[in-house]
Amino acid sequence: MNKTELIDHIAGKADISKAAAARALDALIGGVKTTLKKGGTVTLVGFGTFAVSTRAARTGRNPRTGETIKIKKAKVPKFRPGKGLKDAVN
């Protein structure tokens, strides 16, 4: 499912226009991005938790040349599914 299909699904289930569904989805995504950028977490009970984790600096290897390179530490977004989502999938 892509973003357009998700907007269609939201519009149908919530009985709202596609434009309103698109604004709602964009607001949700924007809220999650803003919170993660500030270092916070977003928990949607029954769905899951979005959080930021720090990946340590490490040494990697260029697959073309075999040369070793240094990879800087980085903040990466993580998603942990909640019990409701796990149960729905299984």
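A few comments on the model shown:
- Test: residue in segment 32-45 that is on the phi > 0 side of the Ramachandran plot and not aromatic (Phe, Trp, Tyr): yes
- 3 or more residues open to solvent by less than 90 Å² (accessible area, probe 1.4 Å) and in contact (Cβ under 8 Å) with a residue 12 or more places away in the chain: qualifying helices (runs of 4 or more DSSP H) within the chain: 3-14, 18-37
The values are calculated or read from the model by the stated rules, or taken from the named source; none is laboratory data. On a predicted model such as this, the values are computed, not experimentally measured, just so you know. With ideal geometry, Cβ positions are generated from the backbone for all residues, glycine too; neighbour counts draw on all protein chains shown. Just so you know, the surface numbers come from the protein's heavy atoms only, side chains and all, with ligands and any DNA or RNA stripped out. Shrake-Rupley method; radii C 1.70, N 1.55, O 1.52, S 1.80 Å.
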